[in-house]
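All remarks here apply to the structure that follows.
No lab work stands behind these numbers, since they all come straight from the coordinates. Everything numeric in this text was worked out from a predicted model, so none of it was measured. A quick note on method: Cβ atoms are made from the backbone with ideal geometry, for glycine too, and the neighbour counts reach across all protein chains shown.
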């Protein structure tokens, strides 16, 4: 190990070190994929010892799940505040589609390896990735409720999730951002009529 690398290794502690390890794991995942990623390759990329990884994550599966969570948390999507539910949702879907298509592609490619390795279902893997992180749509819906545009006490959760479920489906089917006209169709033809149907 070079003198500079040794100094870098000695300086990093706590959260800074953990973030560097998770960044290295994400880069390995992007460049070589789940199958070829190893604890040793991540340690080498992070310029640290493999024992440092094992002290935090007992195996590769836990490390990869943590790296995906870390990337999602440290690369948030801007949450619009236009003062209008329809415009907020259109902006959020467009923002998310543009910024998350690469993330969705990597996670999708990782899923098969994780499922085979952990024995978890896709829903269980997604739950571990999301953990307790609030959804970006929550703020939009709460503000719309306060303005009287939506009734969160009456509208089914499936209706609120529907625009984002459709967005994820399309991104995973095409590995491309959703065209703006498709976003408008999701919001105007599907979501907003269902919102209107569940107002008092």
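List of remarks:
- Segment residue 189-residue 142, extension gain: residue separation times 0.36 nm, minus the distance between their alpha carbons: 14.7 nm
- Amide N proximity, region 75-112 versus residue 19 label position 7 Å along Cα-to-Cβ, cut-off under 14 Å: 75-76
- On Cα atoms only, tilt of 60-74 relative to the major axis of the chain in degrees: 50 degrees
- A viscosity of 1.002 mPa s and a temperature of 20 °C, combined with the Kirkwood radius over Cα pairs in Stokes-Einstein, give a translational diffusion coefficient for region 157-200 of 194 µm²/s.
- Given their separation in residues at 0.36 nm each and the Cα-Cα distance between them, residue 159 and residue 59 gain 32.2 nm when the chain is fully extended.
- Centroid-to-centroid separation of region 39-107 and region 119-180 [C-alpha atoms, Å]: 16 Å
- Compared with the dominant principal axis of the Cα atoms in the chain, helix 157-174 is inclined by about 60°.
- Over region 79-197, the pair-distance histogram of Cα-Cα distances with 5 Å bins from zero comes to 2, 10, 19, 22, 18, 14, 9, 4, 1, 0 percent, rounded to whole numbers.
- The average projected area of the chain, computed from the convex hull of its Cα atoms over all directions, is 13.1 nm².
- Measuring nothing but how far apart in sequence close Cα pairs (under 8 Å, 6+ apart) lie, relative to its length, the chain scores a relative contact order of 22 percent.
- For region 85-200: relative contact order, % (alpha-carbon pairs under 8 angstrom, 6 or more apart): 44 percent
- Distance between the modelled labels on residue 172 and residue 75, one decimal in nanometres: 1.8 nm (7 Å Cα→Cβ projection).
- The peptide list 88-99, 171-182, put in order of mean Cβ contacts within 10 Å with the highest first, becomes 88-99, 171-182.
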